[in-house]
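Below you'll find the structure, written out as structure tokens, and then a few comments.
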Amino acid sequence: MTDSHVVPQPNSADQALRARAERVIPGGLWGHMTARILPEGYPQFFDRAEGCHLVDADGRRFVDMMCSWGPIVLGHHHPAVDAAVAAQAARGDCMNGPAPVLVELAELVVATIPHADWCQFGKNGTDATTTCVTVARAATGRRKVLVARGAYHGAVPWCSPSVAGVTAEDRAHLLFYDYDDVASLHAAAEQAGDDLAAIMASAFRHDMGQPQVMPTPEFARAARALCDETGAALVLDDVRAGFRIDLGGSWEPLGVQPDLSAWSKAIANGHPLSAVTGRERFREAASRVFSTGSFWCGAAPMAAAVATLTELRRVDGPGRMRALGQRLRDGMAERAARHGLRIDQSGPPQMPTILFADDPEWKRGFAFCAEALRQGAYLHPKHNMFLSCAHTEADIDRVLDAADAGFRHVAR
């Protein structure tokens, strides 16, 4: 293995792969996984992963603090998940219809999530959020959907952060409110009038490059009350945070349950799966909405999900990640102060965001993360990060050592 402190050179394996990709893929790569949005020296291609560690195409090893942008919740190559996938794949994966594991998983999801009377499965988080919106409109016969300004709910025209190829008609029935602002929420609902189909809310505000905002009980209760008064659906987008904050849903600690929820990322520990869960009131509408895909009944990812949810409950995954995240948060605060730097740490400890004070263009964040990367820790300067159950206290301490070098570099 090569020295993990070496920045990839122009003739590195990573750079060669980028050049090849540019010739056959528009832009070389796309979306949030492109290394173009990260500091110089960040790898684009990875060779292998194990537990909470990544090895890039040039052989550099890192402690992984992004967990594949959320899907890896138990750790790369978790043995129980790998065994479940192998056993199901040996019997069959993509067949003419679902395997029995579909029913087993649906029963487990409904038993795990208090508001869930039923569930449906898809492949991506965008599948789930779009299905939630469609079910809400089918159930209410209305069109308007309230979404928070700056929130990310997927990568299709109705909600994509990009305007390329998007028409005004694609978003004609979206109305906007400010997250965790009750007055703003009421104003948007007033604007919707009797055409309000749904209020969509993220588990917490996780806009990239901004301090994260946890919802107050008052805001969550206000959203619930508005939906109860108007007959609209309260939709919780738990794609990013689901199964990390609480196994029953990210608003369970607030005492507020949605009507519909969208799930993906951590549900199957890196295998492609998403889910929609809902209350009984929305069952009939969900049965009428046409939502499907050629690979939606793939059995191996469902087996992975059964193993993942079972293991998360066995080890108290959210509690374990919360404790490790707090260790990271406390250590980051102490080391930043040691170097005379002010940082803003926000979001739940399981999904930390670290921003530098007075750093509007993230220049300090980029310098910090680039140096931490050279020391073997894969952090992100703008996006929330993710803890997994594979992280140990020793791994967190290695990240803190790398962060100390990063803070020292910024302080200079």
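Bear in mind these aren't lab numbers, they're just calculated from the coordinates by the rules spelled out. Nothing here was measured: the structure is a model prediction, and the numbers come from that model. Reconstructed Cβ throughout: ideal geometry from the backbone, glycine too, with neighbour counts over all protein chains shown.
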request  = Please list, in chain and number order, the residues 5+ apart from Ala390 or on another chain whose amide H is under 5 Å from its amide H, with Hs placed from the backbone.
outcome  = Gly75
query = Mind checking the angle between helix 393-411 and the chain's longest principal axis? C-alpha axes, 0 to 90 degrees, to the nearest 10.
reply = 70
request  = Could you state the angle between the C-alpha long axis of helix 363-374 and the longest principal axis of the C-alpha atoms of the chain, as a value from 0 to 90 degrees rounded to the nearest 10?
outcome  = 70
task = Could you work out how far helix 182-192 tilts from the main Cα principal axis of the chain, as a 0 to 90 degree angle to the nearest 10?
result = 50
query = Using only helices, what value at 222 nm comes out for the chain when you add -39,500 (n - 2.57) per DSSP H run of length 4 or more and divide by the total residues, to the nearest 500 deg cm²/dmol?
reply = -12000 deg cm²/dmol
Integer Hz, Karplus 6.51/-1.76/1.60 couplings in order for the range 95-112, x for Gly and Pro = 10, 5, x, x, 8, x, 4, 4, 5, 4, 5, 4, 5, 5, 4, 5, 6, 8
inquiry  = If you average the alpha carbon positions of the range 378-412 and of the range 238-307, how far apart do those two centres end up, in angstrom?
reply    = 30
ask   = Roughly how many nanometres apart are two label points built 7 Å out from the Cα toward the Cβ at Arg143 and Thr167?
value = 1.4
task = List every residue whose amide H lies under 5 Å from the amide H of Leu146, counting only residues 5 or more places away in sequence or on a different chain, with H placed 1.01 Å from N in the peptide plane.
result = Leu175, Ala198, Ile199, Met200
key: All-pairs Cα distance distribution in the range 288-352, expressed in whole percent, bin size 10 Å   = 17, 27, 22, 20, 11, 3
request  = Collect residues whose amide H, placed 1.01 Å from N in the peptide plane, falls under 5 Å from the amide H of Phe356; neighbours closer than 5 in sequence don't count.
outcome  = Asp344, Gly365
query = Which residue, Gly51, Gly59, Gly255, has the most motion in a Gaussian network model of the chain that connects Cα atoms within less than 10 Å?
reply = Gly255
message = Using a Förster radius of 35 Å, what is the FRET efficiency between Arg36 and Thr216 based on their Cβ-Cβ separation? Nearest 0.05, please.
response = 0.45
task = Determine which aspartates and glutamates satisfy two conditions relative to Lys363: a Cα distance under 20 Å, and not lying fewer than 8 residues away in the same chain.
result = Glu40, Asp207, Asp344, Glu371, Asp404
request  = Between Arg320 and Ala394, take the C-beta separation as r, use R0 = 22 Å, and let me know the FRET efficiency to the nearest 0.05.
outcome  = 0.90
key: Efficiency of FRET between Glu190 and His339 - r from beta-carbon atoms, R0 35 angstrom, step 0.05   = 0.10
